[in-house]
Amino acid sequence: MALTSEDRALLDAAIAAAERSLADGGIPIGAALGLNGEVVAVGHNERVQRGDTTAHAETVCLRNAGRRRDWHLLTMATTLSPCAMCSGAAVLHRIRRVVIGENRTFTGREDWLRQAGIEVVVADDPRCVALMRAFIAAKPELWDEDIGVPPHRS
């Protein structure tokens with residue numbers, strides 16, 4: 001499915017957030033929520049910066065959106081396929097659509113999103129792929145920590 005102009009704007013906002021996280025020493029993943037062409041909230045992974053294992057980009061974005069009654073009308077764009085926690089949060093909030101920047105470096109629980117009736121659009125955006133590949137190559141231990149891969153045993 002082709003991206004809409006709203007999808008592109010949300011993904012651009014998510015990528016900008018991911019770049020901010022990287023500049024702050026964090027994991028370069030960003031998310032944005034939108035409605036009718038307007039970005040209503042943005043967030044980036046703050047797990048490293050806050051020392052909070054639940055501060056993934058999507059959950060931070062949801063927190064930044066505040067109290068709402070229109071979750072079922074929102075589209076979320078995220079630079080990386082959402083993990084189980086973030087997919088669950090999208091299902092819980094009844095987000096209508098999720099635009100995924102890329103799922104090459106990590107494939108989360110897209111199946112949960114689809115099973116819940118959420119429209120999933122994979123953009124396969126080269127900017128998102130390049131951002132994650134460069135980060136994983138530069139900081140593999142931090143990446144493994146973020147996605148819960150146990151340390152290698154000797």
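Quick check on my filter: what residues within region 140-151 are in contact with a helix residue (DSSP H, G or I) (Cβ under 9 Å, 6 or more places away or on another chain) and surrounded by fewer than 12 Cβ atoms within 10 Å (Cβ to Cβ)?
V149, P150, P151
Here are some residues: A137, A123, A55. Which one is farther than 23 Å from A9 by Cβ and open to solvent by 20 Å² or more (accessible area, probe 1.4 Å)?
A137
Give me the pairs, please: first residue somewhere in region 86-103 and at positive phi, second residue anywhere and at pLDDT 95 or above and open to solvent by 20 Å² or more (accessible area, probe 1.4 Å), beta-carbon distance under 7 Å, and either six or more positions apart or on two chains.
The qualifying pairs are R94/W71; R94/H72.
Would you pick out the residues in region 1-40 that are touching a residue at least 40 places away in the same chain (Cβ under 8 Å) and among the acidic types (D, E)?
E6, D7, E19, listed by residue number.
Report, by residue number, each residue of region 64-111 that is closer than 20 Å to P140 by Cα and among the small types (G, A, S).
Across region 64-111, the qualifying residues are S81, G108.
Any chance you could count how many residues in region 137-154 are over 16 Å from G108 (Cα atoms) and in a helix (DSSP H, G or I)?
The number of residues fulfilling the criteria is 5.
Identify the residue in region 11-36 that is over 22 Å from A84 (Cβ atoms) and in contact with a Ser or Thr (Cβ under 7 Å, 6 or more places away or on another chain) and, among all such residues, is surrounded by the most Cβ atoms within 10 Å (Cβ to Cβ).
Selected residue: G34.
The values are calculated or read from the model by the stated rules, or taken from the named source; none is laboratory data. Fair warning: this is a prediction, and the values are worked out from it, not measured in the lab. Here Cβ is always computed from backbone atoms with ideal geometry, including for glycine, and neighbour counts include all displayed protein chains. Ligands, DNA and RNA are stripped out before the accessible areas are found, and what is left, the full protein with its side chains, is counted by its heavy atoms. Shrake-Rupley method; radii C 1.70, N 1.55, O 1.52, S 1.80 Å.
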